[in-house]
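Presented below is the structure to which this report refers.
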């Protein structure tokens, strides 16, 4: 990330922190919830990490029936593994040799937190949100991901009630790995689509 991108991310953080504090304070004053409720929810959010999404991917790589269910209804497939996604609709996007998927939220930072944990700062930055739609190949290169010209890049824009997660390509040389070992190869960034899964982890 260059200096301008870092500044944009910092500006974005400051704006969202001020908005969060103002809304939180107002809702507490109106009795919608208490400060303790907020603290409890923050702790619950902090406990979530990309391991949940990684487990779904590893299961899909090993179990064709589960993969079909993941692609048909991501929310239900997540709940099969004990990961509640609430009222949101989760769509899982399958990478193929001819298509590479990337997710973004161009309006703010909608993101499948229940499966990937807190979004990285760059995901929330104005720079990423605007550029990945216009020049995805170039943005991916900045993450060290080079997608061949013959591979189509599809950018998917999240909404308030719909979230996306990428089902990356399973790397060659992982045929003997079990589900737990495969899940350890899957990173948050590969679930967003800005990187690919490396067999070396």
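The values are calculated or read from the model by the stated rules, or taken from the named source; none is laboratory data. Fair warning: this is a prediction, and the values are worked out from it, not measured in the lab. Using ideal geometry, Cβ is built from the backbone for each residue, glycine included, and neighbour counts are taken over all protein chains shown.
Miscellaneous remarks
- Entry remark, segment 37-59: residues being assigned to a helix (DSSP H, G or I) and modelled with pLDDT of 75 or more number 9 in total.
- All positions within segment 92-124 that are within 10 Å of the chain's Cα centre (by Cα) and either outside the structural domain of residue 169 (by TED's automatic domain parsing) or in a strand (DSSP E or B) (or both): 102, 103, 104
- Residues in segment 175-193 that are in a loop (DSSP other than H, G, I, E, B) and touching a helix residue (DSSP H, G or I) at 6+ places or on another chain (Cβ under 6 Å): 186 alone.
- Selection from segment 159-171 of residues that are at pLDDT below 95 and assigned to a loop (DSSP other than H, G, I, E, B): 160, 161
- Qualifying positions in segment 125-142 - surrounded by 20 or more Cβ atoms within 10 Å (Cβ to Cβ) and not in a helix (DSSP H, G or I): 125
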